[in-house]
Structure formats: structure tokens, C-alpha cells
1. At a Förster radius of 35 Å, what calculated FRET efficiency corresponds to the Cβ-Cβ distance of ARG270 and SER525, to the nearest 0.05?
2. Taking only the alpha-carbon positions of the stretch 114-253 and ignoring solvent, what does the Debye formula give for the base-10 log of I(q)/I(0) at q = 0.10, 0.12, 0.16 Å⁻¹?
3. So what J values fall out for the stretch 257-273 if you push phi through Karplus, 6.51 cos²θ - 1.76 cosθ + 1.60 with θ = phi - 60°, rounded to Hz, Gly and Pro as x?
4. At 7 Å along the Cα-to-beta-carbon direction for both GLU85 and LYS165, put a label point, then send me their distance in nm to one decimal.
5. Just going by the charge dipole of the stretch 416-574, with Lys and Arg at +1 and Asp and Glu at -1 on Cβ, which of PRO555, VAL483, TYR472 is farthest out on the positive end?
6. In nm, to one decimal, how far is the ALA183 label point from the ARG355 one, both placed 7 Å along Cα→Cβ?
7. Quick check on the stretch 510-574: what are the equivalent-ellipsoid semi-axes from the Cα gyration tensor, as sqrt(5λ), descending, whole Å?
8. So what's the Cα pair-distance distribution over the chain, bin width 10 Å, in %?
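The values are calculated or read from the model by the stated rules, or taken from the named source; none is laboratory data. Quick caveat: nothing in here was measured; it's all calculated off a predicted structure. A quick note on method: Cβ atoms are made from the backbone with ideal geometry, for glycine too, and the neighbour counts reach across all protein chains shown. Please note that ligands, DNA and RNA were not included when accessible areas were found on the heavy atoms of the full protein model with its side chains. Shrake-Rupley method; radii C 1.70, N 1.55, O 1.52, S 1.80 Å.
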Amino acid sequence: MESQTLQAEARPGPGRGKRRPSRQTPKGRQIDPQALDEVRALLTDRPRRRDLLIEHLHLIQDKYGHISAAHLAALAAEMRMAQAEVYEVATFYSHFDVVKEGETPPPPVTVRVCDSLSCAMAGSERLIGELRATLGKDVRVIRAPCMGACERAPVCAVGHVQTFKADAGSVAEAVKRGAHAHAIASEIGFEAYRKAGGYALLKDCLDGRRTRDDIVRIVSDAGLRGLGGAGFPTGRKWSLVRAEPAPRLMAVNGDEGEPGTFKDRYYLSRDPHRFIEGMLIGAWVIEAPDVYFYLRDEYPEIRLMIEAEIAKVEAAGLMPHTRFHLRRGAGAYICGEESAMIESIEGKRGLPRHRPPYVAQVGLFGRPTLEQNVETLYWIRDIVERGVSWFTSQGRHERKGFRSFSVSGRVREPGVKLAPAGITMQELLDEFCGGMAEGHTFKAYLPGGASGGILPASMADIPLDFGTLEQYGCFIGAHAVVVLSDKDDMKAVALNLMKFFEDESCGQCTPCRVGTEKAVKLMASGPWNESLLNELSAAMRDASICGLGQAAPNPLQSVLKRFPEDLKKPLGSW
């Protein structure tokens, strides 16, 4: 009986036949030998660490103008990572053109046209149509978010090399020249900076003539705050990080992507070593063996210049206490949020972390991390050398210190304005910006960029500083001021800003991902349903993980509350 059963099991039955031949290759996409050779040629002897993934993706994108499926698979193999991990990172960032198998690569030249608020007001919508009609099939013209040059709007980038106050002719000429970024020559170079007393303070710190407690006390007494938007007291942050166990790290946020913001670009271009010295002093104070500078990809000429200037500082023996790592962003506004920036530095998607724990406790690579903005570090040397009284003697309306306002829009003289903290919008407009542009009447202003809300001209007497605007549903943020006139439709302004947030949402949480999309649809079609928009705004503010989703409804809410006359009009445009 048993033998009959065995024989029956051995006979072929339904679905049984010859055994399948054994697999000759592993499962999944196979590695193309040529693509692997090309990736290895680009990486050369660079480390294959996970945290360098984005840097390696940039090498491929820069070389070939896109990232093919074969190159993605080869890079994953070379870095000993799953292909899915590499793919999810590459497709997260807008500056990587990932081409799937069977898809046609993009044209060899890409022109990005900024369509954020200041550029939209300057005619970027019209420019997009003109460029698509005239540049030809070998040039791809696409929309792009703020490029950090709002005072020179409209802005276009061929590759990542920007053309300011662009028109169809100047962009066509830039396309002919080709997109080759070169390091800019800063106004104050290394030798000039040292001759004027630069790095003397750092030397005093390194040689023991200054103590860490002394530096922290001066910065605290001066009331220096984080100038990237949050406004957290700098001295207190340094003390909190110093209280955490070593090793501690430092991360510098140079990813100013808020529409209307360009002050960090200004200071890095003009006087980079004042920032570098402040950064190195900060690293010394918290005893950080490594400093990571995350710079947005829209500033290639500054990135190349910083690399060259840091090499001079290192050669001069001014960095014995820390190592400097320059990391390149890849087109993601969300990475301006400190925890998303840290995720990106680690080679991941820039998804904000849930808190607590805070970055000061568990930050970069799981270590306590001091995160600072470019401008905050720029002021360290001046505050310590000139003294607390010098800094605190500035200010108006019971506020203290300086503030750097990025001013764009309908003003006669846009640009970075170094003004007293607490200055009002009317004072800033009249004393620092030359008044309104010809033919424009002051109607409204954004005090803190896209997320800071909108106030009417009738409220231009409020001091502009941390804590002065919150009661009006606004905040100062990174001090990005966009001035609007009687030529601007407030519904169109709010819609432009909401489209920005929709495009830049990281997608991690539903209230932000879906909320911004639904808000754009409701705002773009017909009369605004105020009750529905208010309900949607409340859901986004209450349930979004990070500040992007929480602040995205601010411009919308400002228009609903303060500009009822615009709500009655059809949606306008520029």
C-alpha cells in the first residue's frame, strides 16, 4: 500500500510536468555592466557610505542630464543598498530626473522658470509661454519654485545657472552659452578678511584666551536668536546641546527656500568668512568634531566658492578642532525644516521627524546636534568683538538688535535691508526701499514669506519682529517681506502661495498632502466656499506633522479675514 502511494505521488498530475530550469540570475533588475562601469568612473575613490547617496546621485545627474534605471541599479549595487532605497530617494528630490525603463530621457537642456510670488508678479507666467514657443524641442521649459533671487525677478535657470530679470532674449542667450557654474569671487576674500582682523576671535578661542562659557554668555546677553525662522535663543540652544553627551555634531542650514527669502545668499556672496568664522566658533563651543553645511542646489556658484574658501581656512591651520562637510540639496523646500534637513544629510528622503526627541538631543546620525542658520552664525564675531551693548543698542519700538529683511515685490529698491529690529513696514518701505514702485499704491504685504500670512497696508505700523505678529495670525519667520500693490489680486496671491505648498509638501502626512491639493482646487474654481476652506485650514493646522502643513493656510486665512473686497471679484492673474 505504501509503495502504491509513493508511485502515485511520483506520477505527473494536473499542473505537474518537467521541473523548471534553475534561475540563472538573481531576482529583480539585473545590473548592466556598462552602467556599473560608468557609475564607478564617476565615484572613483569616494566612500560608498549611505549618507553620501544624494551626493552620488548628483554626480550621475550632472554627467548625463538624467538618472536612468540602469544607473540607479548600478549605484545601488555599488553602494550595497536595495534598489528600492535608492529609487525612493532619487524620486523624492525635484532636481533628479529619474527615467524609468522604456521612458524617453528629457531634452539635453532644461530651463527652470520661477513661478513663485515675486516672479509671478514680474511676469513669469508670460515668460513661460514665450520660452516654450521659441526655444525649440531640444530645450525643456518647466516651472520651478523660488530660486532665492526675488529682488531680481523674474528668474530663470539654465541647468542651475540663473538669469536675473530674465526675458526671452536673455534666456535664449544663456541656453546658447551653456549651463556651466563657476565659483563667484566674494567681495571679501580670505586674505582681505584676515587683514581686517578676521579669525582673530577664533584663534583666541582655540588658544584658550576665550572660554566656552564666556562666548555663550555674550551671545545670550545680546539676545541673538535663530534667524532662519524659528527665532529660538541662540545662547540657550548652545547650552542645551553642550549639556548632552559627546560626541556632539553641528548642522548648518543654508537651504533658504521660503518664497521671498534671499538674505543668506546675500551674506554668503558678500562676506563668506564672517559666516565661516561664526560656524567654526559654534563648533568649538559645543566641541563638535564634524560640521555639516547643507546648501541649497540653486546656489551652485556659492557652493563652489565656499569649497575653495574653506580649503584656504584649513590650509591656514584654523580648523584643527573640526572637520567640514559640504552637502548639496536637491530641490526640496521641506529640507529647510531642521529634522528633514538632517534626514537629507543622512542620504534619505527629507521627511520631517516626529518630536520629541528634539534635534538637540537626537539629531544627525543619532547624536546631539546643534542646528543653526547661516545669518545667525554671521553675527557671532561682531557681537563678541563689539560687545553686547553694540548689538542691543539697535532696535525700535522696544525691540533690540538688527534684522535682515529680504524685500521684494512692488518697491522701488528691493534687496536685503539691514534694519533695526522692530521697525514697522511703513518705516521699512519709506526709509530703506525708496517707497513704492512707479505707478503702484501700497495695498498689502507678506511680513514673513509664503507661510507668514498677509497684512493690509492699514496695518503697516506693527513692529516687525518675533512675537509681534502672532496675534494677527501672522509671523515674521525669516524676515522675507513681499510688498503688494493695488495691481495685485489677493485671491491670486493666496492661490500662488498654496500651489507652492502643494508642490513642496513631502507627502508624509495626509492633512498636508491632501489638504494643500484640495485647497488649490477649491481656491481655483468659482467663488470661494469660506466655511469649507476654514474647515480644511483647521484640519491642516491641527493635524500636520510639521510647520509646512500647519502654516500653509495662513495666506488663505489672511485673505478671508482681511480682504473681503477681493473675495467678491473673479480670480485675477498677472
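1. FRET efficiency, ARG270 to SER525: 0.20.
2. Scattering profile of the stretch 114-253, log10 relative to I(0): -0.63, -0.77, -0.92.
3. After applying 6.51 cos²θ - 1.76 cosθ + 1.60, I find x, 5, x, x, 9, 8, 5, 5, 4, 4, 5, 5, 6, 7, 8, x, 6 Hz.
4. 5.0
5. My answer, from the dipole projection, is PRO555.
6. Going by the 7 Å Cα→Cβ label model, 3.5 nm.
7. 21, 12, 10
8. All Cα pairs, binned at 10 Å, distribute as 3, 16, 26, 26, 16, 7, 2, 2, 1, 1, 0 percent.
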